[in-house]
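First the structure, in the form of structure tokens, and then the observations on it.
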Amino acid sequence: MEKQKGKQKERDVVIVDWDDADAHRNPQNWSKASRWFYTGLVCHLAFNVTFASTSPSATQQAIASEFGVGREVGTLVISLFLTGYISGPLIWSPMSEHIGRRIPLLLSFFVNMQLILGQALGQNIQTVLVTRFFSGIFAAAPLTLSAGIISDLWDPFHKSIALSLFTASVLSGPGLGPMMGGFVTQTIGWRYTFWILYGYDWLSWIVVFVFLPETYSPVLLTAKARKLRQHFGGEMLKSLRSAREVEDSRKKAEAGERGWISSFLKETILRPWYILVKEPIMWLVTAYQSLIFGLMYGLLELFPVIWQEGHGFTLGQVGLVFLFLFVGTTSGALCNIFINVALQKSYDKGSRQPVHEDRVRGTMIAAPTLVVGIFWLGWAGGYPVSVPWYVPALAAIPIGFGFSLIFITTNTYVVQVYGPYAASALAAATMTRSMFAVAFPLFMRQAAHGIGVQYIGTLFGCVAACLSPIPFGKPSMSFLSLTRS
């Protein structure tokens, strides 16, 4: 009898959703001006943490000299920060899908900000390196949560444009960071690089704390259901997510399952790993993004070999060469916007139906452009005596273009496909590509000295060429469609 009553109660659950009276509270119904403002805030945070990831690249030699360690140990200032990117998404992305975006974002960024003090004030190499590692863990939050916030705010068309801006921000940071770090280190000292980052972080955190609201609808609807229950009484008013959680708990109880901790781990911490292992589409995404990020952070070590050792540039002048990369990444983001506007016009005319695979069309342009840029950089940069400095510098433009457009299109595709679990899917991609970003700076300089810049360009150009057929042709597209779940 009690079981029948329980089942009757379950049938009487009322799902709370957005209605006409409070439609304005739905993040996707906020004014466009507000949503673009919030998009700008999270893009700025993404720029901040990637800017911080490479700004100390010019401090490596100065840090190694002051603490009496080898240059290879100094390289860990970058690599350990990126190592934090591997584990950080496992914490912040699943947490955001349970308690919302705002709290994990503010908490993680605040802790990251305090850890920078250890880098500015550290009196030994251990303090600097340990705080850089933990900074990376907490700085990973804006990279994964920002895309989730954009997914919360926008429809598919505007989401593509917003993700273009987000990706341009992510890739602009590594391009501009070495320029600031180079000039600051050579003029007033390496510690001031971290002091500047500390002040910049405080400014960014205050702005986000004051202006950015919660954007995750399941959390907002759960809060709405809670208020309705308090006002009207009864326990049957629930958000869709709460109702599903109740149903899951009931099924586990009937099956005799215990251990909420293991259930929580499965549904949160392990979700990115599950997506990465079980979804073939993520294999393709992570393969391409891993090459991009490995090369991008590898350039931090390769550029000084080409221009400082080969052309006699100062640290600050080497940093200026990264502006060519910035021009390329910005051009890639603009190209993606034009592609999406053209696609939207074709949708509006009814000449084609929207499909997720349209989001990777830009990769068809970016893939061969990246291959050309890598070969160009390798063979122009390998002969500093006979080739002027600006010839390999110009190669950074197509490289940045390819980086940006591939990263934007693959990220947009993942966000569109995985919807409310986009943060976990992006966490899986972030973890994997960060492993390559950690590894490449550790061997790039030694490889350049050992086999030559031109052969490094040939090696990675061939890898990029092998990956470039992925977005082309019907077999690729149907593979993407069939492996989506």
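The values are calculated or read from the model by the stated rules, or taken from the named source; none is laboratory data. Only a predicted model underlies this, so the values are computations on that prediction, with no experimental measurement involved. Virtual Cβ from ideal backbone geometry, glycine too; neighbours counted across all protein chains shown.
Does at least one position in segment 253-262 carry a residue that is at pLDDT 80 or above, polar (S, T, N, Q) and surrounded by fewer than 22 Cβ atoms within 10 Å (Cβ to Cβ)?
Pass one, segment 253-262, residues at pLDDT 80 or above: none.
No, segment 253-262 contains no residue that is at pLDDT 80 or above, polar (S, T, N, Q) and surrounded by fewer than 22 Cβ atoms within 10 Å (Cβ to Cβ).
Quickly run through segment 189-215 and pick out the residues that are aliphatic (A, V, I, L, M), in contact (Cβ under 8 Å) with a residue 12 or more places away in the chain and surrounded by fewer than 17 Cβ atoms within 10 Å (Cβ to Cβ). Walk me through it before giving the result.
Just the residues of segment 189-215 that are aliphatic (A, V, I, L, M), to begin with: 196-197, 203, 206-208, 210, 212.
Checking the rest, the ones that are also in contact (Cβ under 8 Å) with a residue 12 or more places away in the chain come to 196-197, 207-208, 212.
Selection gives Val207 alone.
For residues in segment 365-409 being assigned to a loop (DSSP other than H, G, I, E, B) and among the aliphatic types (A, V, I, L, M), which is modelled with the highest pLDDT? Please lay out each step first, then the result.
Let us first name the residues in segment 365-409 that are assigned to a loop (DSSP other than H, G, I, E, B), namely 382-389.
Keeping just the survivors that are among the aliphatic types (A, V, I, L, M) gives 385, 387.
Numbers: Val385: 87, Val387: 91.
Ranking the qualifying residues of segment 365-409, first place goes to Val387.
Take Ala23 and tell me if it is more than 21 Å from Asp201 (Cα to Cα), among the small types (Gly, Ala, Ser), in contact with a Ser or Thr (Cβ under 9 Å, 6 or more places away or on another chain) and surrounded by fewer than 24 Cβ atoms within 10 Å (Cβ to Cβ).
Numbers: more than 21 Å from Asp201 (Cα to Cα): yes; among the small types (Gly, Ala, Ser): yes; in contact with a Ser or Thr (Cβ under 9 Å, 6 or more places away or on another chain): no; surrounded by fewer than 24 Cβ atoms within 10 Å (Cβ to Cβ): yes.
It is false that Ala23 is more than 21 Å from Asp201 (Cα to Cα), among the small types (Gly, Ala, Ser), in contact with a Ser or Thr (Cβ under 9 Å, 6 or more places away or on another chain) and surrounded by fewer than 24 Cβ atoms within 10 Å (Cβ to Cβ).
Between a residue in segment 163-184 that is closer than 16 Å to Gln61 by Cβ and of a type in the set (D, E, K, R) and any residue that is surrounded by fewer than 24 Cβ atoms within 10 Å (Cβ to Cβ) and at pLDDT 90 or above, which pairs come within a Cβ distance under 9 Å, given they are 6 or more apart or on different chains?
Correct list of pairs: empty, since none qualify.
Are any residues in segment 278-319 farther than 25 Å from Thr167 by Cβ and either touching a Phe, Trp or Tyr at 6+ places or on another chain (Cβ under 7 Å) or part of a helix (DSSP H, G or I) (or both), and if so, which ones? Steps first, answer last, please.
Restricting attention to segment 278-319, the residues satisfying the condition of being farther than 25 Å from Thr167 by Cβ are 278, 304-317.
Within segment 278-319, Lys278, Pro304, Val305, Ile306, Trp307, Gln308, Glu309, His311, Phe313, Leu315, Gly316, Gln317 meet the criteria.
So which residues in segment 310-335 are over 21 Å from Ile374 (Cα atoms) and crowded, with 18+ Cβ neighbours inside 10 Å, if there are any at all?
Correct list: Phe313, Leu315, Gly316.
Is it the case that segment 444-451 has a residue that's over 23 Å from Met364 (Cβ atoms), at pLDDT 70 or above, part of a helix (DSSP H, G or I) and under 25 Å from the mean Cα position of the chain (by Cα)? Write out each step before concluding.
Residues of segment 444-451 over 23 Å from Met364 (Cβ atoms): 444-451.
If we keep only those that are at pLDDT 70 or above as well, we get 444-451.
Filter once more, so that each one left must be part of a helix (DSSP H, G or I): 444-451.
Now drop any that are not under 25 Å from the mean Cα position of the chain (by Cα), which leaves 444.
So far as segment 444-451 goes, yes, one or more of its residues are over 23 Å from Met364 (Cβ atoms), at pLDDT 70 or above, part of a helix (DSSP H, G or I) and under 25 Å from the mean Cα position of the chain (by Cα).
A quick yes/no check of all residues on (1) charged (D, E, K, R); (2) in a helix (DSSP H, G or I); (3) within 12 Å of the chain's Cα centre (by Cα); (4) farther than 18 Å from Tyr216 by Cβ:
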| residue | (1), (2), (3), (4) |
| --- | --- |
| Ser151 | no, yes, no, no |
| Phe157 | no, yes, no, yes |
| Leu163 | no, yes, yes, no |
| Leu176 | no, yes, no, yes |
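Could you tell me whether segment 197-220 includes any residue that is among the polar types (S, T, N, Q) and modelled with pLDDT of 90 or more?
The initial filter retains those residues of segment 197-220 that are among the polar types (S, T, N, Q), namely 204, 215, 217.
From what's left, modelled with pLDDT of 90 or more: 204, 215.
There is at least one residue in segment 197-220 that is among the polar types (S, T, N, Q) and modelled with pLDDT of 90 or more.
Out of (1) closer than 14 Å to Leu299 by Cα; (2) surrounded by 20 or more Cβ atoms within 10 Å (Cβ to Cβ); (3) at pLDDT 90 or above, what's the single condition that is false for Ala437?
Result: Ala437 passes all but (3).
Which of the following residues is part of a helix (DSSP H, G or I) and either aromatic (Phe, Trp, Tyr) or farther than 24 Å from Gly298 by Cα (or both): Leu197, Leu203? Steps first, please.
On the way: Leu197 fails: either aromatic (Phe, Trp, Tyr) or farther than 24 Å from Gly298 by Cα (or both).
From the options Leu197, Leu203, the qualifying one is Leu203.
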